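Peer 1: Once you've had a glance at the structure underneath, I'll fire off some questions.
The values are calculated or read from the model by the stated rules, or taken from the named source; none is laboratory data. Bear in mind the structure is a predicted one, so any value in this text is a computation, not a measurement. A quick note on method: Cβ atoms are made from the backbone with ideal geometry, for glycine too, and the neighbour counts reach across all protein chains shown. SASA here: full protein model, heavy atoms, side chains in, ligands and nucleic acids out. Shrake-Rupley method; radii C 1.70, N 1.55, O 1.52, S 1.80 Å.
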Amino acid sequence: MNPISRRTMLGTAAAGGLVTAATAAVAQNSDQATPVPKVPGRGGTDPGPRNAVLDRLNPDTLTPPSTDHGTLPNLKFPFSEAHMRLEQGGWTRQVTVRELGISKHIAGVNMRLNAGSIRELHWHKPAEWAYMLTGTARITAVDAEGRNFVDDVGEGDLWYFPSGIPHSIEGLAPDGCEFLLVFDDGDFSEDDTFGISHWLHHVPKEVLAKNFGVPAASFDKVPEYLYIFPASVPGRLAADQIEGATPVPQKLSHRMMAQEPIRTKSGTVRITDSSNFPVSKTIAAALVEVEPGGMRELHWHPNTDEWQYYIEGKGRMGVFASEGDARTFDYQAGDVGYVPFAMGHYIENTGNTRLRFLEMFKSSYYADVSLDQWLALTPPELVEAHLNLDAATMAALRKQKVPVVPA
């Protein structure tokens with residue numbers, strides 16, 4: 001990984017980007033093997049022991065902005081540091097309250113299914129929301145009224161399985177799929193699911209025979225536990241539609257990328273909650289894209305905590321708590337971020353490519369409060385009395401929300 005060059009730093013400044021003590025320190029040490037926790041007048045060398053790779057990935061932790069203050073809990077955990085469970089048909093890993101202690105309301109699972117491989121028929125207590133990262137998959141579900149659902153989903157699509165509803169996921173040709181699962185309980189674990197093979201293996205065969213009206217020997221080959229297992233790639237979607245079955249009243253999948261986004265010159269935002277994906281009663285989400293030099297504006301969420309997943313690019317997030325406490329974190333693709341309820345924050349693109357991430361909330365609706373809009377819609381004399389802003393700054397305040405700036 002190449003450190004930020006002085007030319008890059010100066011170019012960022014010329015383009016109107018923010019050059020912090022952290023980026024300056026990395027640029028200052030661009031010719032050295034490891035960055036140094038030192039800025040003019042503060043800090044010093046670090047002879048070690050140390051993890052230089054992590055220091056390079058987290059410049060705002062190594063040399064925090066001077067505006068950071070006090071103590072905040074850790075608000076970052078990379079999926080790359082999560083235990084990888086390898087199965088015959090793919091893999092899975094998770095970030096829960098056990099990995100990220102602040103994340104009490106939401107847990108996340110990153111899963112890969114090879115073509116034809118199946119996440120077996122199962123159910124669980126929390127509801128499941130999903131975002132397709134790559135490839136295509138076939139999903140199935142049956143609700144408590146015996147109504148069924150079968151659909152194919154691709155990159156950028158969502159699904160939602162309500163609490164307790166049995167379902168399955170299967171990777172399709174040519175290369176299966178990878179997806180992010182979000183559960184509305186931070187204490188959830190993928191090990192807590194109710195799998196069909198596991199259950200049948202632990203029911204006496206004579207009970208199974210009585211339940212299904214077939215000989216007990218019919219269940220001699222039921223495996224103990226499948227979880228993720230290889231199978232044949234399914235055929236056309238139409239072939240998996242059950243003749244005579246009643247469909248679920250609310251569709252369990254959603255084409256998020258088909259939504260018309262909120263656009264600014266610096267990026268886009270797509271918001272999906274129960275207003276446009278009615279079945280998703282417990283998870284609301286936004287897909288945010290920020291171009292180089294852009295920033296998700298200063299804001300906060302008045303309804304609940306925010307759980308983030310970074311899909312591509314590099315960024316940093318500054319979080320403001322009460323009593324003047326503030327901390328800055330750096331994020332890369334595959335990282336999980338977190339913002340506790342009502343804390344002010346921003347997310348800035350610190351790379352030279354697009355930054356793309358998901359904001360997720362345990363809520364039926366999406367809500368945010370824009371700092372800019374709040375000030376613009378407050379009596380000017382009141383704002384001036386607080387902040388001593390000049391006339392030009394007051395005139396620049398926007399009454400319309402601009403989620404990604406510059407506008």
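Peer 1: Quote the FRET efficiency, to the nearest 0.05, computed for L86 versus A396 with a Förster distance R0 of 60 Å and r equal to the Cβ-Cβ distance. The partial results should precede the final answer.
Peer 2: Working: r = 54 Å, r/R0 = 0.89.
My answer for the efficiency is 0.65.
Peer 1: Mind listing which GluC sites (Glu not before Pro) in the range 117-183 are in a DSSP loop and have 16 or fewer other Cβ atoms within 10 Å?
Peer 2: Values: sites: E120, E128, E145, E155, E170, E178; in loops: E145, E155.
Passing sites in the range 117-183 are E145, E155.
Peer 1: Here's a follow-up. Which value in Å is the Kirkwood Rh of the range 177-325 over different Cα pairs? Working shown, then result.
Peer 2: On the way: mean 1/r = 0.0477 Å⁻¹.
By the Kirkwood definition, the hydrodynamic radius is 20.9 Å.
Peer 1: Still on this structure: Give me Rg/Rg_expected for the range 297-355, where Rg uses Cα atoms only and Rg_expected = 2.2 N^0.38 Å with N residues. Write out the running numbers ahead of the final one.
Peer 2: Details: Rg = 11.5 Å, N = 59, 2.2 N^0.38 = 10.4 Å.
My calculation over the Cα atoms of the range 297-355 gives 1.11.
Peer 1: By how many nm would the segment from A238 to R50 lengthen if fully extended, with 0.36 nm per residue of separation less the alpha-carbon distance? Don't skip to the answer; put the middle values down first.
Peer 2: On the way: separation 188, 0.36 × 188 = 67.68 nm, distance 5.68 nm.
Additional length available on full extension: 62.0 nm.
Peer 1: What whole-number value in Å² describes the accessible area per residue of the range 266-316 for a 1.4 Å probe?
Peer 2: Numbers: 1340 Å² over 51 residues.
Here the per-residue accessible area is 26 Å².
Peer 1: For the range 163-260, which trypsin sites (Lys or Arg not before Pro) are both in a DSSP coil and crowded by at most 16 other Cβ atoms within 10 Å?
Peer 2: Values: sites: K205, K210, K221, R236, K251, R255; in loops: K221, R236, K251.
Hits after loop and neighbour filter: K221, R236, K251.
Peer 1: Taking a spot 7 Å from the Cα of D191 along the direction of its beta carbon, which residues of the range 217-258 have an amide N less than 20 Å from it?
Peer 2: Only 224-229 pass the distance filter.
Peer 1: While we're here: Hey, what do the phi angles of the range 275-282 turn into as Karplus ³J(HN,Hα) couplings, whole Hz, using 6.51/-1.76/1.60 and θ = phi - 60°, x for Gly and Pro?
Peer 2: For the range 275-282, the Karplus-derived couplings read 6, 10, 9, x, 6, 7, 7, 10 Hz, x marking Gly and Pro.
Peer 1: If you take every residue apart from S168 with its C-beta less than 9 Å away from the C-beta of S168, what net charge results, scoring Lys and Arg +1 and Asp and Glu -1? Intermediate values should be presented prior to the final figure.
Peer 2: Numbers: positive: R119, R138; negative: E120, E170.
Around S168, the charge tally is 0.
Peer 1: Rounded to the nearest 0.05, what FRET efficiency is calculated for K265 and S66 with R0 set to 35 Å and r the Cβ-Cβ distance?
Peer 2: Details: r = 30 Å, r/R0 = 0.85.
The value I calculate is 0.75.
Peer 1: Cβ under 15 Å from D305's Cβ, D305 left aside: what net charge do those residues give with Lys, Arg +1 and Asp, Glu -1?
Peer 2: Values: positive: K76, K104, K362; negative: D184, D185, D187, E306, E359, D368.
Taking every other residue near D305 into account, the sum is -3.
Peer 1: Please turn the phi angles of the range 169-177 into ³J(HN,Hα) values with the Karplus equation 6.51 cos²θ - 1.76 cosθ + 1.60 (θ = phi - 60°), one per residue in order, whole Hz, x for glycine and proline.
Peer 2: Values per residue, Gly and Pro as x: 9, 9, x, 9, 5, x, 9, x, 7 Hz.
Peer 1: A follow-up question, please. Taking Rh as the Kirkwood radius computed over C-alpha pairs, what is the Stokes-Einstein D of the range 267-407 at 25 °C in a medium of viscosity 0.890 mPa s, expressed in µm² per second?
Peer 2: Numbers: Rh = 15.9 Å.
Diffusion coefficient, whole number: 154 µm²/s.
Peer 1: Run the quick spin-label model on R42 and L387: label points 7 Å from Cα toward the beta carbon, then report their separation in nm to one decimal.
Peer 2: 2.3 nm
Peer 1: Could you calculate the FRET efficiency of Y225 with A333 from 1/(1 + (r/R0)^6), where r is the beta carbon distance between them and R0 is 41 Å, rounded to 0.05? Intermediate values should be presented prior to the final figure.
Peer 2: Details: r = 32 Å, r/R0 = 0.78.
Plugging the Cβ-Cβ distance into 1/(1 + (r/R0)^6) gives 0.80.
Peer 1: Over the alpha-carbon set of the range 128-219, work out the extent along each principal axis and list the three values in angstrom, largest first.
Peer 2: Cα spread of the range 128-219 along its principal axes, largest to smallest: 45, 34, 25 Å.
Peer 1: Under the definition of Cα pairs under 8 Å and six or more residues apart, what whole-number percent is the relative contact order of the chain? Each step should come with its number before you reach the end.
Peer 2: On the way: 935 pairs, mean separation 64.7, N = 407.
Dividing the mean separation by the residue count of the chain yields 16 percent.
Peer 1: Still on this structure: If you compute mean projected area of the Cα convex hull in nm² for the structure shown, which of (1) 17.7; (2) 24.3; (3) 50.7 do you land on?
Peer 2: Looking at mean projected area of the Cα convex hull in nm² for this model, the match is (2).
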